[in-house]
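Just dropping this structure here.
The values are calculated or read from the model by the stated rules, or taken from the named source; none is laboratory data. Quick caveat: nothing in here was measured; it's all calculated off a predicted structure. Here the Cβ positions follow ideal geometry from the backbone for every residue, glycine too, while neighbour counts run over all protein chains shown. SASA here: full protein model, heavy atoms, side chains in, ligands and nucleic acids out. Shrake-Rupley method; radii C 1.70, N 1.55, O 1.52, S 1.80 Å.
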Amino acid sequence: MSAPTDSTPRAPEGQLRHGGRALLLAIYTALRSLKLYPVENATVQKALDDLETSARALLAVESDLELRLAGDFIFVNATRLRLELDNYASFSHILAVLRAFDIGALRIHSTANRREWQILLSLLLSLSERGQPDERFDELFARLDAGQVKGLEIEHATQHDPDAEQAKEAAKRVYAQGVAVTKDVITGVRLGRATSVKKVKRAVQLIVDQVLNNETSVVGLTTIRDYDEYTFTHSVNVCIFSVALGKKLGFPRIQLYDLGMTALLHDVGKARVPVTILNKTTGLDEQEWRIMQAHPWLGAVTLFGMRAHDETPYRAILVAHEHHMKTDLSGYPKTIRPRQLGIFSRIVAVADGFDAATTRRSYQTVPIEPDQVLREMWENPKRGYDRVLVKALINLIGVYPVGTCVILDTFEIGIVAAPNPDGQQLNRPLVRIAVNTDGAMVPPPGEQVSLTEQDETGSFLRSIVKVTTPSRYGLTVGDYFV
Ligand SMILES: [Fe+2]
Ligand SMILES: [Fe+2]
């Protein structure tokens, strides 16, 4: 991260973390003693003294202080405080108090004094029982103003859109259900148990409905990359990408159900590959490779026995068999006679290739960045993907998929939040700023900006310079999607 360019004093992170924890504890102690004793009481006076001292200690190194709530985190300026056992009480209590007033941030200026702390804390206690959080905030704000409190400033929490939150929750549930069903199928096959195709169908229908109604949320979930259960999440991701691609191609719902089903089951043959080979972290030897490469036809055979009532899932059998064949028919299994790969197989192959390359797996500690994967799929004919479908995938997820960490020409670092809504400017997605121009971390969720924003002269305010690894900057992508 670049060094701060202005002359504002700034404490090293460790000092902020330490001082921040002391400050939270001091606020907590003062709140508790004010609740128990009258203001004149020596315990209260001592607690207020301590609070003033710890705030001043931090203000000596940081000219302004900000306590900010983000999800379940508290930030002191740009430093996230870790919840640990010994600060659990103070941490969760303060979180609850600030939430009860809908306070998003508390700013502490260098002029903040003991009298002001006393007013703020007393009000937090006396107003806590009244009305709704919103009304409490307004009341508190007015009273602080009337009390001439200038050194302490409260900021209203930004309102969350309840519809968007609900949509996200629904998407998460559907995703989790997809994972559970896949797990069930694979384990069932491993143990030789019959699987309920009905359950699988139901899960696929829910995924299709999500993609049709709420595409961004559900496609966004495929970026959850720190999952251990690769085989299961992979199947669900491939299902989501395939259905979204089918939607782009204009398939009707009923066909999307079919496509989703084949995609979810494409790797079912892996249930017959020994787990030791599947999870191997080193390279496979020739014999192991041969077994691994048998999974397409093992899948076809498995599905043949998995008939639902009277119908045999022919299309799923075909996709399981063909999904590793390339458009030039290299790949595996080998085909002797010329054949035209089915459209479902070509779709699943593209979705599969993308997800496999971008997900971290046991033997792949550093996943390849999504933009490079897409470029390779698009440019290298040897990869053998259907180019029209790769183009559709790029259109679908943008050149920079959701969750990609990007460096901007303003020296800011951002996390891609959504593809550009107009669908045209693929290289100008919506981005959440995670590190500002000074190199300081912005607490999640960060300000969301569109890279299409221009100044009066028509030049873009921000452009992507390159893609980077979030961990290099101490960022956790998931934090920006709470
Ligand atoms: Fe496969
Ligand atoms: Fe696969």
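Quick check on my filter: what residues within segment 340-361 are outside any helix (DSSP H, G or I), open to solvent by 20 Å² or more (accessible area, probe 1.4 Å) and within 14 Å of ligand 1 (Cβ to nearest atom)?
Matches in segment 340-361: Arg361 only.
Looking at segment 230-237, can you tell me whether even one residue there is away from ligand 2 (no atom under 13 Å from the Cβ), open to solvent by 10 Å² or more (accessible area, probe 1.4 Å) and at pLDDT below 95?
Start the filter on segment 230-237 by keeping residues that are away from ligand 2 (no atom under 13 Å from the Cβ), which leaves none.
No, there is no match, as no residue in segment 230-237 is away from ligand 2 (no atom under 13 Å from the Cβ), open to solvent by 10 Å² or more (accessible area, probe 1.4 Å) and at pLDDT below 95.
If you take the residues of segment 263-283 that are more than 12 Å from ligand 2 (Cβ to nearest atom) and part of a helix (DSSP H, G or I), which of them is nearest to Lys201 (Cα to Cα)?
So, considering only residues that are more than 12 Å from ligand 2 (Cβ to nearest atom) and part of a helix (DSSP H, G or I), the one nearest to Lys201 (Cα to Cα) is Ala271.
Could you go through segment 454-464 and let me know if any residue there is touching a residue at least 12 places away in the same chain (Cβ under 8 Å), farther than 18 Å from Asn420 by Cβ, open to solvent by less than 50 Å² (accessible area, probe 1.4 Å) and among the polar types (S, T, N, Q). Show your work before the answer.
At the first step, the residues of segment 454-464 found to be touching a residue at least 12 places away in the same chain (Cβ under 8 Å) are 460-464.
Filter once more, so that each one left must be farther than 18 Å from Asn420 by Cβ: none.
No, every residue in segment 454-464 fails to be touching a residue at least 12 places away in the same chain (Cβ under 8 Å), farther than 18 Å from Asn420 by Cβ, open to solvent by less than 50 Å² (accessible area, probe 1.4 Å) and among the polar types (S, T, N, Q).
Here's another thing I want to ask about it. Given the condition over 17 Å from Asp64 (Cα atoms) and in contact with a helix residue (DSSP H, G or I) (Cβ under 6 Å, 6 or more places away or on another chain), answer yes or no: does some residue in segment 108-117 qualify? Give the steps one after another, and end with the answer.
Within segment 108-117, the first condition is being over 17 Å from Asp64 (Cα atoms), and the residues that meet it are 115.
Narrowing the set further to residues that are in contact with a helix residue (DSSP H, G or I) (Cβ under 6 Å, 6 or more places away or on another chain) leaves none.
No: segment 108-117 contains no residue that is over 17 Å from Asp64 (Cα atoms) and in contact with a helix residue (DSSP H, G or I) (Cβ under 6 Å, 6 or more places away or on another chain).
Further question: Return only the number of the condition from (1) surrounded by 16 or more Cβ atoms within 10 Å (Cβ to Cβ); (2) among the aliphatic types (A, V, I, L, M); (3) over 25 Å from Ala157 (Cβ atoms); (4) more than 16 Å from the chain's Cα centre (by Cα) that Ile397 does not satisfy.
Single failed check for Ile397: (4).
Let me ask you something else. Any residue in segment 315-327 that is more than 16 Å from ligand 1 (Cβ to nearest atom), within 28 Å of Ile394 (Cα to Cα) and small (Gly, Ala, Ser)?
Within segment 315-327 (the criterion being more than 16 Å from ligand 1 (Cβ to nearest atom), within 28 Å of Ile394 (Cα to Cα) and small (Gly, Ala, Ser)), the answer is no, since none of the residues qualifies.
Residue under question is Arg315, and the condition is that it be of a type outside the set (S, T, N, Q), farther than 18 Å from Met377 by Cα and not in a helix (DSSP H, G or I); does it hold? Walk me through it before giving the result.
Working: of a type outside the set (S, T, N, Q): yes; farther than 18 Å from Met377 by Cα: yes; not in a helix (DSSP H, G or I): no.
Here the answer is no, as Arg315 does not meet what is asked.
Next question, about the same structure. Hey, Lys183 hits all of (1) within 16 Å of ligand 1 (Cβ to nearest atom); (2) farther than 18 Å from Pro401 by Cα but one; which does it fall short on?
Only one criterion is unmet by Lys183, namely (1).
Same structure, new question: Quick check on Ile291: is it within 16 Å of ligand 2 (Cβ to nearest atom) and open to solvent by 30 Å² or more (accessible area, probe 1.4 Å)? Before you say what the answer is, go through the steps one by one.
Details: within 16 Å of ligand 2 (Cβ to nearest atom): yes; open to solvent by 30 Å² or more (accessible area, probe 1.4 Å): yes.
Yes: the conditions hold for Ile291.
State the number of residues belonging to segment 407-417 that are more than 15 Å from the chain's Cα centre (by Cα), in contact (Cβ under 8 Å) with a residue 60 or more places away in the chain and open to solvent by less than 20 Å² (accessible area, probe 1.4 Å). Steps first, please.
Of all residues in segment 407-417, those more than 15 Å from the chain's Cα centre (by Cα) come to 407-413.
In the following step, the residues that additionally are in contact (Cβ under 8 Å) with a residue 60 or more places away in the chain were identified as 407, 411, 413.
Right, trim to open to solvent by less than 20 Å² (accessible area, probe 1.4 Å) and you get 413.
Residues meeting the conditions: 1.
Now, a different point. Please find, among Val268, Val301, the residue that is more than 26 Å from the chain's Cα centre (by Cα), of a type in the set (A, V, I, L, M, F, W, C), on the phi < 0 side of the Ramachandran plot and surrounded by fewer than 18 Cβ atoms within 10 Å (Cβ to Cβ).
Numbers: Val268 fails: surrounded by fewer than 18 Cβ atoms within 10 Å (Cβ to Cβ).
Just one listed residue meets the conditions, Val301.
Looking at Ala105, Ala78, can you tell me which residue is out of contact with any His (no Cβ under 7 Å at 6 or more places or on another chain) and modelled with pLDDT under 80?
After ruling out the rest, the residue left standing is Ala78.
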